[in-house]
Structure formats: structure tokens, C-alpha cells
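**Q** Let me begin by handing over the structure; questions about it come next.
The values are calculated or read from the model by the stated rules, or taken from the named source; none is laboratory data. Because the structure is predicted, anything quoted here is derived from the model rather than measured. In this analysis, Cβ positions are derived from the backbone assuming ideal geometry, glycine residues included, and neighbour counts consider all displayed protein chains.
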Ligand SMILES: Cc1cc2nc3c(=O)[nH]c(=O)nc-3n(C[C@H](O)[C@H](O)[C@H](O)COP(=O)(O)O)c2cc1C
């Protein structure tokens, strides 16, 4: 998976975040000024980072128009701004102003709080910002401040890591049992994983290898080399158990985003035109960075 980070930064906040992500991912990094068809060629994922400029993610439109011509490349966006990340409503409005309804669901996007640096701003930007500071009556905006922190890159990193860490298992009910689906819960240790298996193996057909694939029991519950204590030192498992009216429905975890203490997991379903009418049960299991396991989970289907 070849990844490039393209960043637009006037006073250094976005550049700092781009460098932190590049350090973690060991990937290429490019200033937006040098972004062309040729420099972007050959990458699977483009992470575009830019400053907020009067409510807009600057140059996002240019990147979106590039991506529309290169659907084989996947776009991930992050924005930095003076707004504290805790101002949820303001940040949500920024995303709805910058993305269409479809884009918001399909383009992973992350806000990373930056700050203000009057010393490095150009004359025009500095003047605009001072006027904005006066109008907003927020004294904080009159001076430089730096509220950037490396911790804000964690959700984006988690998203990049997750592609290989979403597991999809079909395990139908063994008999009729009433349950409210989707059911979701977190498993934090190898013994909890074992307990779940023991307590539910009479309920779900974990041993059935559907479509010739390895069964959930063999791949997850009885696989200590993959899901042993070492794994749980770094990760937690988020289980999402679903019931589908047709055995042909398939799922995909599109995005995971963390904001203000809650973690949203966006799962899409593909319904084939000609479906089978059998009821199916799925366990979608996500390996999450331990740091995210305490968050409140919001599952969006
Ligand atoms: C003219 C101007 C407008 C800005 N508009 C916003 C904004 O709408 N929302 C926000 O949170 N920050 C806004 N900012 C602050 C910048 O987005 C913030 O300082 C950003 O982290 C700068 O990134 P950079 O250092 O990579 O250039 C604005 C800054 C300037 C100069």
C-alpha cells in the first residue's frame, strides 16, 4: 500500500501534523505546491492535509477534482485550524460545508487542532485574522497560540491500520433466539475472547466454514498465535453482530472516526439484486488501537 501525504501549510501547523503522520507510517510527504498528476502517480492512498481558511479546507476542491479523475486512488483528508477540537458543532459544520452527503460517508476526514501564529502569517492573512478576531469578540484569537498535539493523529493512523484489521465472519444462529441487532461490544483480553466463544458457541455456528472459508472458531477463537495476549497488549476487538434477511448481503467497514470521546464506525452493506432469502448472522470484528477502546461506540449502518 503506497501512501503519500500532501500538505498545504502557511504557518507550519499542518506541516507538523503531516510530518508526525509520515513518521508513523514511514510514507512519502509532499508540499501541496508540488502536487501534480506526475508526483501523485502510483500512490494507492493520498492523505491531504490543509489549514482551515474561513470555514473552507483550503484547496480541497482541487484535490477532489483530481481524485474524481483517479478513482483508483483513495483520499483521506485532515484539516487543521484555530478551533479547539472540543467545539464539536463548529467542526461538524466545517465537514458538512466542505463535503457532500456522500463524500462525508466515503472520504475519511479528521480534524486536528492547530492554533494561530501571527508571526508567520502573511500580511493579508494577518489582517484578515485580526478583523475576524475583533468581530468574534473572542480574546483568544487576538494572540498567537499553539494547541497542536500528536494525539490528534491517532484516529487517522487507526484508520490506515484498520484496512487489514477488519474481519468478517458469517456464523448463523443454531436455533431461534431473540436478540436486538446490531449487537456491539468490546473484547479486551484473550480470556474475554475465550469466554465469548464458550458462552455463545451453542448459539452461533462458529465452527461452520461458510463458502469454504476458515471458520470463525478456527480463525479467531482458537487462534492464540493471532489473537493471544500479545495482540491484546496493543489492540482491543470491537464486535458488531448483525442479522441480515439475505445470505447474500456483504459488509464493508468504510471508516472509523473518533471525536470528542465517541467512536463512529461506518459499515456499508451491499445487497445483490438477486438475493437469497435465508437469514444470516455476521460477526464483524475490528481491531482497534487500545487507546480507542474506552470511547463510546456509535455504529452507523
Ligand atoms: C484568514 C484566516 C482564516 C482562518 N479561518 C479559520 C477558520 O475558519 N476556522 C479555524 O478553525 N481556523 C481558521 N484559521 C486558522 C488556521 O486554520 C490555523 O492557524 C491553521 O492551523 C493554520 O495552518 P498552517 O500553519 O498549516 O498554515 C484561519 C486563519 C487565517 C489566517
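**Q** Report every pair of residues separated by at least 6 positions or lying on different chains whose Cβ atoms are under 6 Å apart, first residue within region 180-202 and closer than 18 Å to residue 223 by Cα, second at pLDDT below 95 and part of a helix (DSSP H, G or I).
**A** Going by the 6 Å Cβ cut-off, the qualifying pairs are 189/232; 190/229; 190/232.
**Q** Being surrounded by fewer than 17 Cβ atoms within 10 Å (Cβ to Cβ) and away from the ligand (no atom under 13 Å from the Cβ) is the filter here; which residues of region 8-27 pass it?
**A** 23, 24, 26 - these are the residues of region 8-27 that are surrounded by fewer than 17 Cβ atoms within 10 Å (Cβ to Cβ) and away from the ligand (no atom under 13 Å from the Cβ).
**Q** I'd like to verify a number: residues in region 148-193 that are assigned to a helix (DSSP H, G or I) and within 30 Å of residue 46 (Cβ to Cβ), how many?
**A** So the count comes out to 16.
**Q** Only one residue in 104, 91 is outside any loop (DSSP other than H, G, I, E, B), more than 9 Å from the ligand (Cβ to nearest atom), over 20 Å from residue 12 (Cα atoms) and not assigned by TED's automatic domain parsing to the domain that holds residue 255, so which one is that?
**A** After applying the criteria, what remains is 104.
**Q** Going residue by residue through region 110-129, is there one that turns out to be in contact with a helix residue (DSSP H, G or I) (Cβ under 8 Å, 6 or more places away or on another chain) and more than 11 Å from the ligand (Cβ to nearest atom)?
**A** There is at least one residue in region 110-129 that is in contact with a helix residue (DSSP H, G or I) (Cβ under 8 Å, 6 or more places away or on another chain) and more than 11 Å from the ligand (Cβ to nearest atom).
**Q** Also, quick follow-up: Against the condition within 11 Å of the ligand (Cβ to nearest atom) and either part of a helix (DSSP H, G or I) or surrounded by 16 or more Cβ atoms within 10 Å (Cβ to Cβ) (or both), how does residue 140 come out, does it pass?
**A** no
**Q** If a residue must be surrounded by fewer than 18 Cβ atoms within 10 Å (Cβ to Cβ) and either within 13 Å of the ligand (Cβ to nearest atom) or in a helix (DSSP H, G or I) (or both), how many such residues does region 41-57 contain?
**A** 4
**Q** I'd like to check something: does region 73-85 contain any residue that is assigned to a helix (DSSP H, G or I) and farther than 23 Å from residue 25 by Cβ?
**A** No; the residues of region 73-85 include none that is assigned to a helix (DSSP H, G or I) and farther than 23 Å from residue 25 by Cβ.
**Q** Right, something else. Looking only at region 216-260, which residues are part of a loop (DSSP other than H, G, I, E, B) and closer than 21 Å to residue 182 by Cα?
**A** Listed by number, the residues that qualify are 245, 246, 247, 248, 249.
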